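The structure appears right after this line, and notes come after that.
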Amino acid sequence: MLRAASFGIKSATGLATALASALVVMAGSGPIALTPAALAQPAATSSASGDAGISVEQARAKANAILQAEQRRDAQTRFSQFAPDLQQVTSPAMIAETMAKRPAIRSWKLLSVQRGLQSTTVEAAVDTAAGKQDLFIVLNGQGQLSGYYVDRTDAAPAKVAAQFVRALSAGHYISARSFLTPELQREVSAAELQARWQELQRETGNFVKVNRVIEAAQNDEQRLVLVNTTFNRLTDNLFVVLDANNLIFNVDFPNEAEKLRGAK
């Protein structure tokens, strides 16, 4: 087994702990077990004016406007609703392309609103042409869309991992980021996700295809999925670790850079 090189989606306190533990056990003859990773807690901050962000009523109004834009497939409005850092990695044309592939929204009902120090999360029960789903809309202090995630608890971990890699490879970094845990989304911006994926391809060559996806290990809390991926210069596994809700909290690649350099 090749040594694991960090793809970089980890917290400052060493989010790769779970993956490293899993790989060590996989290399031995004993049973596979995943151990919990230590997630970094984002630092609590407040503005000098003591601004607590948007109100519950404002959050609900913003969430309704976001869902209305999605229902109308209004890419220009959706782009305007994104926080500036998300606007940097997308465009109305890219949003329109993504919207066209998503099932149409029929109706929705806003549920809980959770206000935090830096963001507010609105939960919505959404009825789409493909079925019902629970959507969590994350708004920043100005009411702009700063992230989102979907309840994928009942999804197959292999399918979630494959969808994440394919979103990355298509350049849909906002969609790819939605597969990460809320804690990891606070650690990794969409722009940083883009930079790290591009940095990886400088070593591996351009992405070509996903070959197969294997659920390698799991317990009650975590799942380890191997996404066998072909790049221009090599074919190897991307290690994706998901929590019990099938949200991704770590990604890691085996590193063949030294082998490539040695072959020159």
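Within region 240-264, take every residue that is closer than 23 Å to THR204 by Cβ and in a loop (DSSP other than H, G, I, E, B) and give me the one that is modelled with the highest pLDDT.
Looking at the filtered set, the residue picked out is ASN255.
What number of residues within region 148-161 satisfy the criterion of being in contact (Cβ under 8 Å) with a residue 40 or more places away in the chain and either polar (S, T, N, Q) or buried (at least 19 other Cβ atoms within 10 Å of the Cβ) (or both)?
Final tally of qualifying residues: 7.
Of the numbered conditions (1) in contact (Cβ under 8 Å) with a residue 12 or more places away in the chain; (2) surrounded by 15 or more Cβ atoms within 10 Å (Cβ to Cβ); (3) polar (S, T, N, Q), GLN87 fails exactly one; give the number of that condition.
Tallying (1) in contact (Cβ under 8 Å) with a residue 12 or more places away in the chain; (2) surrounded by 15 or more Cβ atoms within 10 Å (Cβ to Cβ); (3) polar (S, T, N, Q), GLN87 fails exactly one: (1).
Output yes when any residue across region 200-209 is surrounded by 20 or more Cβ atoms within 10 Å (Cβ to Cβ) and at pLDDT 95 or above, and no when none is.
no
Considering only residues that are part of a helix (DSSP H, G or I), small (Gly, Ala, Ser) and over 13 Å from the mean Cα position of the chain (by Cα), which ones fall in region 170-203?
Within region 170-203, just ALA195 meets the criteria.
Could you list, ordered by first residue, the pairs with Cβ atoms under 6 Å in which the first is in region 192-212 and in the same structural domain as LEU238 (by TED's automatic domain parsing) and the second is in a helix (DSSP H, G or I) and aromatic (Phe, Trp, Tyr), at least 6 apart or interchain?
LEU193/TYR173; GLN194/TYR173
The values are calculated or read from the model by the stated rules, or taken from the named source; none is laboratory data. Quick caveat: nothing in here was measured; it's all calculated off a predicted structure. In this analysis, Cβ positions are derived from the backbone assuming ideal geometry, glycine residues included, and neighbour counts consider all displayed protein chains.
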